[in-house]
Amino acid sequence: MTALIVDGRRFDSAEPVLFALAYRAGKRAAGTDEDTDSLLRHFLTQEDYAAVAGYLEGLAAGAREQLPEHPVDCPCRRCVWDRRDLMRHLRRVWREQVPA
């Protein structure tokens, strides 16, 4: 396994060049109306698992870029859930570190 950095994120892959190329293709495909399933099936039939992983990571990165920015006090259900989950995590860490 070789570590590589693409778009500021660290990934591990046995074939870093293939992973990076597929990552960029997936990221580009996320913003268009490309048939992503057919290319993914092609990678799977060729048993290019590094390309499959890179393509899926690229699709996810492209989708994240298309999400709107939420303000800190956003009232949407997902943001409220994330804030509550973060507070629970912080309380749990605080309780573990503070002696009884």
Top positive-direction residue, dipole computed over the chain with Cβ charges, set 66, 44, 81: 81
Angle in degrees between helix 36-45 and the longest Cα principal axis of the chain, rounded to the nearest 10: 70
query: Out of residues 5 or more away from residue 6 or on other chains, whose amide H comes under 5 Å of its own, with H placed 1.01 Å from N in the peptide plane?
result: 11
query: Based on the Kirkwood radius over alpha-carbon pairs, what is the Stokes-Einstein translational diffusion coefficient of the chain at 37 °C with 0.692 mPa s viscosity, in µm²/s?
result: 204
statement: The ³J(HN,Hα) series, computed from each phi in the range 27-33 with the Karplus coefficients 6.51, -1.76 and 1.60 at θ = phi - 60°, rounded to the nearest Hz and given as x for glycine or proline, is 5, 5, 5, 5, x, 10, 9
Estimated [θ] at 222 nm from DSSP helical runs (n ≥ 4, -39500 (n - 2.57)) normalised by residues in the chain, nearest 500: -21000 deg cm²/dmol
- prompt: Karplus couplings for the range 64-78 from phi (6.51 cos²θ - 1.76 cosθ + 1.60, θ = phi - 60°), rounded to Hz, Gly and Pro as x?
  reply: 5, 5, 7, 6, x, 6, 9, x, 4, 9, 4, x, 5, 4, 5
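Read-outs throughout are calculated quantities, based only on the coordinates presented, and are distinct from any laboratory measurement. Please read all numbers here as calculations on a predicted model, not as lab measurements. Virtual Cβ from ideal backbone geometry, glycine too; neighbours counted across all protein chains shown.
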